[in-house]
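Visitor: Pasting in a structure now, in structure tokens, and then I'll have a few things to ask.
Any read-out appearing in this document is the output of simple, stated calculations on the displayed coordinates, not a laboratory observation. Remember, predicted model here, so these are calculated numbers, not experimental data. Backbone-built Cβ (ideal geometry, glycine too); neighbour counts: all protein chains shown.
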């Protein structure tokens, strides 16, 4: 993995790219990953293990952009940062990927930006994309705030108090979409942080312009095709959009763990990362050395439990769970290298 900056300032971590060269030596697609986080949190490094898992299909660029934790950063600053990164990747010579096969994959706030690039042709960046995937994307900001009034806090932090409709992909029209570039709008049926209506309104809008769009709501299915995956919960159950590439792209295993929600301050949600075989082996050792508990919903810890994680492991047909005082970072931050 190599890290380099695309912005005007050298060594700016918020305008940088983590680049993962494909295992294949021939010209391959480039997948550009754009993280979510309500325009105010998360980092390109969160997708490190996912990016490593994609290198058997193509090269991968995971992009950082400036966040609205700096109150001077407002829309369209985030989008223009990602656009500059995309332009850099398109125009910079690199033999490890085909510059005409660049696909952007954005989650949540990243899905908003990926979709905006395709529909807002007042910006040049649609020219550099062969297609996009928006996972649990925010496509209609006024509708989001109407559905979840408490979200107005982070929306105004990122967009200011006005012009939320104009900042939404559903407000843009483009004849370029008739050229047939593939657009996938993916949304978990069990996502309660960004509701499915966001996907439906975007798909209908894209269809009205003759776009080549697919709605995928099957990403919520867990475990049926995985030989091994690990899930972490901490006082919150349910499945959200972070399982976004489970069936599209494969890695050694899938780790799901709890984190503070960027949307609701009183909520804990899960995130997921693909983990290496080395991490899986370490987790197996933990399982073997631990006392197995009877699976019972009443044993799940509440959100106020500190330092205690409920671990659920599916290994083949076995299904066991146990409680262990381990750090989430141990499983999800290591790659075994």
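Visitor: Over all alpha-carbon pairs in the stretch 1-83, figure out the percentage whose distance exceeds 21 Å.
Guide: Working: 1018 of 3403 pairs.
Every Cα pair in the stretch 1-83 considered, those over 21 Å come to 30 percent.
Visitor: Counting every Cα pair in the stretch 47-111, what percent are over 14 Å apart?
Guide: Here the tail beyond 14 Å accounts for 64 percent of pairs.
Visitor: Could you let me know the centre-to-centre spacing of the stretch 147-174 and the stretch 17-72, using Cα atoms, in angstrom?
Guide: Answer, in whole Å: 24.
Visitor: Would you please state the base-10 log of I(q)/I(0) at q = 0.11, 0.12, 0.14 1/Å for the stretch 1-148, with intensities from the Debye formula using one equal scatterer on every alpha carbon?
Guide: Log10 of I(q)/I(0), two decimals: -0.38, -0.45, -0.62.
Visitor: Rule-of-thumb check for the stretch 88-145: C-alpha Rg over 2.2 N^0.38 Å?
Guide: Values: Rg = 12.9 Å, N = 58, 2.2 N^0.38 = 10.3 Å.
The value comes to 1.25.
Visitor: Next question, about the same structure. Determine the gain in length on full extension of the stretch residue 217-residue 11; use 0.36 nm per residue of separation and subtract their C-alpha separation, reporting nm with one decimal.
Guide: 70.2 nm
Visitor: May I ask you to derive the FRET efficiency for residue 24 and residue 45 from their Cβ-Cβ distance with R0 = 30 Å, giving the value to the nearest 0.05?
Guide: Values: r = 24 Å, r/R0 = 0.79.
After rounding to 0.05, the efficiency reads 0.80.
Visitor: Here is a further query. Taking 0.36 nm per residue of sequence separation and subtracting the Cα-Cα distance, how much length would be gained by fully extending the chain between residue 56 and residue 146, in nm to one decimal?
Guide: Working: separation 90, 0.36 × 90 = 32.40 nm, distance 4.17 nm.
Residue separation times 0.36 nm, minus the Cα-Cα distance, leaves 28.2 nm.
Visitor: A further question follows. Take the Cβ-Cβ distance between residue 121 and residue 98 as r, set R0 to 25 Å, and report the resulting FRET efficiency rounded to the nearest 0.05. Spell out each step's value before the answer.
Guide: Details: r = 23 Å, r/R0 = 0.92.
Given R0 = 25 Å and the Cβ-Cβ separation, E is 0.65.
Visitor: Ok, one more. If packing is taken as the mean number of other Cβ atoms within 10 Å per residue, what is the order of 2-13, 192-203, highest first? Display every interim value, and only then the final one.
Guide: On the way: 2-13: 12.6, 192-203: 20.2.
My ranking of the peptides, most packed first, is 192-203, 2-13.
Visitor: What nm value, rounded to one decimal, do you get for the distance between residue 178 and residue 163 when each label is placed 7 Å out toward the C-beta?
Guide: In this crude spin-label approximation the distance works out to 2.9 nm.
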